[in-house]
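Accompanying notes for the structure given below.
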Amino acid sequence: MEKTFLMVKPDGVQRGLIGEIVSRFEKKGFQLVGAKLMTISKELAEQHYGEHKERPFFGDLVEFITSGPVFAMVWQGENVIHTARQMMGSTNPKDAVQGTIRGDFGLTVGKNIIHGSDSTESAEREISLFFKDAELEEYSKLINSWIY
Ligand code: RTP
Ligand code: MG
C-alpha cells in the first residue's frame with residue numbers, strides 16, 4: 001500500500017489544527033499508520049529540507065520548522081502521495097484553492113500549516129528520516145475491504 005509522510009508544521013500545531021487536519025485525511029479514507037508530536041532538531045530539519053539548502057529562504061525555513069512541536073504522520077492508501085498534495089493545496093496559501101488545507105487556513109508561504117512528500121522517493125526518504133519501522137502499524141485486509 002502506498003505511504004506518504006505528512007506533518008502539521010509548528011504554526012498548525014499552535015493554532016490547534018491537528019484534529020482538523022487528521023480528520024480530513026481520515027474522512028477521505030486514508031489510514032493513519034504512525035504519528036508523533038515532536039520537536040525537530042536543526043540537523044533533522046536540514047536533512048529533511050536538504051533539497052532547498054541553496055535557496056535564500058533555507059535559513060528561515062529551518063528556523064521555523066524547529067521553532068516548536070510538529071505533528072509527524074505516516075498515512076497510507078491508494079495514490080495517497082498525490083492526493084494528499086492536492087488536499088494540502090499550493091505551496092503559497094495565496095494561490096491555494098479554497099477547500100484545501102492551505103487555502104482554508106494559511107496566509108503566507110513561510111507559515112503554510114502542513115508538509116507533504118512530493119514523490120515516491122521523497123516519501124520513502126522522509127518516512128525513514130522520521131520513523132522507525134516498529135513505529136508504523138499495519139491494518140488487516142478486512143478493514144481495507146470497506147474502502148476498496
Ligand atoms: P513542503 O515541502 O513544506 O511540503 O512544501 P512544498 O513542497 O509545497 O514547497 P517546497 O518548494 O518544498 O518548499 C518548502 C517550504 O519552503 C517554504 N518556502 N518559502 N519564501 C519563499 O519563497 C518560499 N518558498 C518556499 C514554504 O514554507 C514551503 O512549504
Ligand atoms: Mg516540498
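The values are calculated or read from the model by the stated rules, or taken from the named source; none is laboratory data. All of these numbers come straight from a predicted model, not from anything done at the bench. Note that each Cβ is placed from the backbone with ideal geometry, even for glycine, and that neighbours are counted across all protein chains shown. Only protein heavy atoms, including side chains, enter the accessible area calculation; ligands, DNA and RNA are left aside. Shrake-Rupley method; radii C 1.70, N 1.55, O 1.52, S 1.80 Å.
Scanning for something within 16 Å of ligand 2 (Cβ to nearest atom), under 25 Å from ASP133 (Cα atoms), without any contact (Cβ under 8 Å) to a residue 40 or more places away in the chain and open to solvent by less than 40 Å² (accessible area, probe 1.4 Å), does the range 50-59 turn up at least one residue?
The answer is yes, given that some residue of the range 50-59 is within 16 Å of ligand 2 (Cβ to nearest atom), under 25 Å from ASP133 (Cα atoms), without any contact (Cβ under 8 Å) to a residue 40 or more places away in the chain and open to solvent by less than 40 Å² (accessible area, probe 1.4 Å).
Is one or more of the residues making up the range 50-63 touching a strand residue (DSSP E or B) at 6+ places or on another chain (Cβ under 9 Å) and on the phi < 0 side of the Ramachandran plot?
No: zero hits.
When the residues of the range 6-20 are narrowed to those that are aliphatic (A, V, I, L, M) and in a helix (DSSP H, G or I), which ends up least open to solvent (accessible area, probe 1.4 Å)?
Restricting to residues being aliphatic (A, V, I, L, M) and in a helix (DSSP H, G or I), the top hit is VAL13.
From the list VAL8, VAL97, VAL70, pick out the single residue that is away from ligand 1 (no atom under 12 Å from the Cβ) and either on the phi > 0 side of the Ramachandran plot or hydrophobic (A, V, I, L, M, F, W, C) (or both).
Among VAL8, VAL97, VAL70, only VAL97 is away from ligand 1 (no atom under 12 Å from the Cβ) and either on the phi > 0 side of the Ramachandran plot or hydrophobic (A, V, I, L, M, F, W, C) (or both).
For the range 22-49, which positions are assigned to a loop (DSSP other than H, G, I, E, B) and without any contact (Cβ under 8 Å) to a residue 24 or more places away in the chain?
Across the range 22-49, the qualifying residue is only TYR49.
Let me confirm something: among SER41, SER23, SER90, which residue is within 11 Å of ligand 1 (Cβ to nearest atom), of a type in the set (Ser, Thr, Tyr) and either open to solvent by less than 20 Å² (accessible area, probe 1.4 Å) or under 22 Å from ALA123 (Cβ atoms) (or both)?
The unique qualifying residue is SER90.
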